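The next block holds one structure in the form of structure tokens; read it before the comments.
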Amino acid sequence: MILRPVADKIAILSQKGGTGKTTTVRTLTDVLRLTGLKVLAIDLDPQGNLSDYFDVDPEADPTISDVLTGRATASAAVHNDIIPANLTLAEAELALAGKMGRELTLRKAIREVEGPYDIVLIDCPPALGLLTVNALVAADYALVSSEAQYFALQGVEQALEVIDLARDGLNPDLTWLGVFFNIADMRTVHSREAFTSLREHVGDKLFDTTIRSSIAYAGSAERAVSILDFRPDLAGDYLLLGDEVLKRLGREEARQELKRHLPLAG
Ligand SMILES: Nc1ncnc2c1ncn2[C@@H]1O[C@H](COP(=O)(O)OP(=O)(O)O)[C@@H](O)[C@H]1O
Ligand SMILES: [Mg+2]
């Protein structure tokens, strides 16, 4: 057995909002927990969508804002294995902007909390600004969620630029875990061509798994129920994505556990 003193920390990002990041963080958390891994999810978006999706009490206190401004420790801000966010994070981001070492704040703050966890997933805000840079500097891996469009490559390139920015001096060990097509309708020629084109550019950094588009995700978020329970027939997509993620992390034991839940091949 390999001893892992710290968690694998993964930031989920894209160059804009609405690409399914938050849904991915919620559902990957659920999938990874199925394997017995201990997962901490961090909401780094002032909109607090991830916190709502996990049904965290809106009055939960402290939150990630207090952690970033130094008013609370990260462990104090963990509520049911989630560090939630709310609109006060927008102010915290502004306050952070004027500080020395502003890009390192999250990295330093989560050091004391990650010990008991195997995986930490960080849900980035829609903009590639200071909060996303904080996530990337705190992370070991960056996972890019992409829309299944002709413009996919452009969006991925923008995300990669920010990943490079975080690597440059601040977090040289940051690894690009890969990019996957989210909210995709692969029945259309358009999406299939976009997939082929992206594959030509990024090779096996593009995950084989694509997450199908379904209206059910909106209902799942609204009711704060995991898609794994809300629509088990759709769960296969995220189970397979989770398997690919675990493979890239070298988490073979967890993959064995996940096998029991995977849809049969074919
Ligand atoms: N696979 C999917 N199919 C259809 N709608 C989805 C899917 N994943 C997420 N959505 C919906 O799309 C919207 C944006 O998703 P969200 O995860 O909040 O994206 P982001 O965090 O990138 O802004 C939400 O209404 C969400 O319920
Ligand atoms: Mg989001």
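Computed values, structure above
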| read-out | value |
| --- | --- |
| With Cα atoms, 0 to 90° folded angle of helix 152-167 axis to the chain main axis | 30 degrees |
| Check: the range 1-135 dipole with +1 on Lys, Arg Cβ and -1 on Asp, Glu Cβ, in debye | 580 debye |
| Under the Karplus curve 6.51 cos²θ - 1.76 cosθ + 1.60, θ = phi - 60°, whole-Hz ³J(HN,Hα) for the range 135-147, x wherever Gly or Pro sits | 4, 6, 6, 7, 8, 8, 9, 10, 10, 9, 9, 10, 6 |
| Estimated [θ] at 222 nm from DSSP helical runs (n ≥ 4, -39500 (n - 2.57)) normalised by residues in the chain, nearest 500 | -12000 deg cm²/dmol |
| Under 5 Å, built H, 5+ apart or other chain: amide partners of VAL179 | VAL144, LEU206, PHE207 |
| Alpha-carbon centroid distance for the pair the range 12-36 / the range 205-233, whole angstrom | 10 Å |
| Cα pair distances exceeding 20 angstrom across the range 1-67, given as percent | 37 percent |
| The range 8-157 - share of DSSP beta bridges that are antiparallel (%, nearest 5) | 5 percent |
| Whichever lysines have a C-alpha closer than 18 Å to that of LYS99, once near sequence neighbours (fewer than 8 apart) are set aside | LYS108 |
| Built amide H within the under 5 Å cut-off of ARG212, gap 5+ | ALA184 |
| Karplus 3J(HN,Hα) series, Hz, for the range 50-56 with 6.51 cos²θ - 1.76 cosθ + 1.60 (x for Gly, Pro) | 5, 4, 5, 4, 8, 6, 6 |
| Kirkwood Rh and Cα Rg combined as Rg over Rh, evaluated for the chain | 0.94 |
| Dimensionless Rg/Rh of the range 67-205 - Kirkwood Rh, Rg from C-alpha atoms | 1.02 |
| DSSP-defined antiparallel bridges as percent of all bridges, the chain, nearest 5 | 5 percent |
| Zone residues, the range 125-149, relative to HIS201, backbone N less than 16 Å from point 7 Å out along Cα-to-Cβ | 144-149 |
| Anchor LYS259: lysines whose Cα lies under 27 Å away (excluding residues fewer than 8 positions away in-chain) | LYS9, LYS21, LYS38, LYS205, LYS247 |
| Globularity ratio of the range 58-123, using Cα Rg and 2.2 N^0.38 Å | 1.07 |
| Farthest positive-ward along the range 74-125 dipole, Cα basis, beta-carbon charges - from ALA77, LEU106, ILE119 | LEU106 |
| Burial ordering of ARG192, ARG251, fewest other beta-carbon atoms within 10 Å first | ARG192, ARG251 |
| Kirkwood Rh, angstrom, the range 7-117 [1 / mean 1/r, Cα pairs] | 14.4 Å |
| Student exercise, the chain dipole from Lys, Arg, Asp, Glu Cβ charges, in Debye to nearest 20 | 420 debye |
| Value of Rg/Rh across the range 155-218 [Cα atoms, Kirkwood radius] | 1.06 |
| Per DSSP, loop chymotrypsin sites (Phe, Trp or Tyr not before Pro) in the range 58-152 with at most 16 further Cβ within 10 Å | TYR150, PHE151 |
| Using θ = phi - 60° and Karplus 6.51 cos²θ - 1.76 cosθ + 1.60, couplings along the range 254-261 (whole Hz; Gly, Pro as x) | 5, 4, 4, 4, 5, 3, 5, 9 |
| Packing-based exposure ordering (other Cβ within 10 Å, fewest first) of MET100, MET186 | MET100, MET186 |
| Per-q log10 I(q)/I(0), the range 217-266, q = 0.16, 0.17, 0.28 Å⁻¹ (Debye; single scatterer per alpha-carbon; no solvent) | -0.51, -0.56, -1.00 |
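None of the figures in this text is laboratory data; all of them are computed from the coordinates on show. Just so we're clear, the structure is a prediction, and the values are computed from it rather than from any experiment. As a convention, Cβ positions derive from the backbone with ideal geometry for all residues, glycine included, and neighbour counts pool all protein chains shown.
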